[in-house]
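Heads up: the structure comes next, in structure tokens.
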Amino acid sequence: MYEFEIKNMTCGHCASTVEKAIKAADPEASASIDLAARTAKVETKIDPAAINAAIEKAGYPTSFRRI
């Protein structure tokens, strides 16, 4: 599991966009978005850097760490 810190995620639409980006990168991923904390916890079998890139491509600077 990885936790992504998502800067500039400020509303429900942002959270939805981030979740769609995660699912586009890995349709099998399980994602839990926490808008208040500006984080996404993602269970994935692919390289987390690919998910990070997808979130950034959607317009949200992010970083991640394994949890």
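The values are calculated or read from the model by the stated rules, or taken from the named source; none is laboratory data. Bear in mind the structure is a predicted one, so any value in this text is a computation, not a measurement. Reconstructed Cβ throughout: ideal geometry from the backbone, glycine too, with neighbour counts over all protein chains shown. Surface areas here come from the heavy atoms of the whole protein model, side chains and all, with no ligands, DNA or RNA. Shrake-Rupley method; radii C 1.70, N 1.55, O 1.52, S 1.80 Å.
Brief remarks follow.
- The set of residues in the range 1-31 being more than 12 Å from residue 54 (Cα to Cα), under 9 Å from the mean Cα position of the chain (by Cα) and open to solvent by 70 Å² or more (accessible area, probe 1.4 Å) consists of 5 alone.
- Residue, most open to solvent (accessible area, probe 1.4 Å), within the range 36-50, restricted to residues that are under 19 Å from residue 16 (Cβ atoms) and free of Cβ contacts under 8 Å to residues at least 24 places away in the same chain: 36
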